[in-house]
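> Starting off with a structure, shown below.
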């Protein structure tokens with residue numbers, strides 16, 4: 001079912017979706033090809049660190065996608081999305097997947113408000129049901145959501161996810177036996193920069209996570225610790241290079257952007273196989289790591 005273009009797969013081609021987990025074996029994933037930039041100073045309005053080199057961005061994204069395929073993962077490759085939708089490459093944020101189907105979110109970043117409809121079209125293409133969506137004035141971004149276990153979804157309240165969005169998401173998920181547990185996020189560098197719940201933690205194995213504990217909410221840290229989680233701390237100097245943004249593929253194999261040698265070494269010392277990818281244009285410039293670049297569609301260990 002692996003494809004190089006979403007339109008090559010017939011409607012309803014997916015036979016399964018779900019997996020309310022961050023670390024079960026990744027079977028199917030959605031990525032979104034980089035949208036074309038309109039040029040000029042557009043990159044500044046998105047908060048990127050420098051102007052976009054489209055050819056290099058496309059090349060890196062293709063290499064990243066090919067790497068997922070070499071790990072035996074079925075890849076839904078959507079897009080490229082409409083010109084100017086530069087953040088749409090970060091497929092993790094506009095929706096989440098549950099065992100019952102997808103929930104369309106509503107990004108707190110104004111420039112991303114059209115992205116949930118792009119996900120809606122993809123889900124319709126593949127016959128994945130949409131069980132609910134966040135509507136104004138609610139906001140929720142996927143980067144603020146984290147499966148603690150199959151029935152508990154932690155969610156960060158900050159500049160991208162508000163109280164109304166959390167309330168709506170809880171109402172959508174509670175009939176499916178899922179508890180939404182909110183935690184306040186720190187101020188960080190303020191509303192102009194993106195600080196998600198998952199900016200400070202990435203689950204990489206069963207009750208194991210890479211963390212940047214300096215900015216973790218005490219209540220969140222203590223909840224995980226009380227539930228038996230263990231932690232691998234990233235060094236201070238690798239927070240800005242997204243050492244804390246790690247994608248679990250299952251079977252103790254993980255993916256991380258280049259430029260994080262100490263975090264790589266610490267995960268390897270803990271028994272993990274680590275795959276590094278070149279992310280100068282798709283990750284470091286845009287401040288979004290491998291988790292951000294993917295929307296898991298199916299995670300299952302059996």
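The values are calculated or read from the model by the stated rules, or taken from the named source; none is laboratory data. Everything numeric in this text was worked out from a predicted model, so none of it was measured. In this analysis, Cβ positions are derived from the backbone assuming ideal geometry, glycine residues included, and neighbour counts consider all displayed protein chains.
> Checking the conditions here, which among 242, 223 is touching a strand residue (DSSP E or B) at 6+ places or on another chain (Cβ under 8 Å), crowded, with 24+ Cβ neighbours inside 10 Å and under 21 Å from residue 144 (Cβ atoms)?
Just one listed residue meets the conditions, 242.
> Now for a separate question. Go through 69, 106 for me and flag whichever is touching a strand residue (DSSP E or B) at 6+ places or on another chain (Cβ under 9 Å) and without any contact (Cβ under 8 Å) to a residue 60 or more places away in the chain.
It is 106.
> Let me ask something else. Just a yes or no: is a residue in region 194-206 more than 15 Å from residue 22 (Cβ to Cβ), assigned to a loop (DSSP other than H, G, I, E, B) and modelled with pLDDT under 95?
Yes, the conditions are met somewhere in region 194-206.
> From (1) surrounded by 14 or more Cβ atoms within 10 Å (Cβ to Cβ); (2) under 23 Å from residue 267 (Cα atoms); (3) in contact with a strand residue (DSSP E or B) (Cβ under 9 Å, 6 or more places away or on another chain), pick out the condition that doesn't hold for residue 206.
The number of the failed condition is (3).
> For region 250-264: of the residues being more than 17 Å from residue 201 (Cα to Cα) and free of Cβ contacts under 8 Å to residues at least 40 places away in the same chain, which is farthest from the chain's Cα centre (by Cα)?
Checking each candidate, the answer is 261.
> Hey, which of the strands (runs of 3 or more DSSP E) in region 249-302, taking only ones fully inside, have at least 2 residues that are more than 30 Å from residue 128 (Cα to Cα)?
273-277
> Here is a further query. Among the residues of region 55-88, write down those that are over 18 Å from the mean Cα position of the chain (by Cα), over 15 Å from residue 37 (Cβ atoms) and not in a helix (DSSP H, G or I).
71, 72
> Go through region 125-142 and give me each residue that's under 28 Å from residue 76 (Cα atoms) and either without any contact (Cβ under 8 Å) to a residue 12 or more places away in the chain or in contact with a strand residue (DSSP E or B) (Cβ under 8 Å, 6 or more places away or on another chain) (or both).
Result: 126, 128, 129, 130, 131, 132, 133, 134, 135, 139, 140, 142.
> From 87, 93, which residue is crowded, with 18+ Cβ neighbours inside 10 Å, in contact (Cβ under 8 Å) with a residue 12 or more places away in the chain, out of contact with any strand residue (DSSP E or B) (no Cβ under 8 Å at 6 or more places or on another chain) and closer than 18 Å to residue 19 by Cα?
Step by step, each of 87, 93 is checked, and only 93 is crowded, with 18+ Cβ neighbours inside 10 Å, in contact (Cβ under 8 Å) with a residue 12 or more places away in the chain, out of contact with any strand residue (DSSP E or B) (no Cβ under 8 Å at 6 or more places or on another chain) and closer than 18 Å to residue 19 by Cα.
> Taking the residues in region 89-109 that are assigned to a loop (DSSP other than H, G, I, E, B) and within 18 Å of residue 149 (Cβ to Cβ) as candidates, determine which candidate is nearest to the chain's Cα centre (by Cα).
Step by step, filter region 89-109, then rank; the result is 99.
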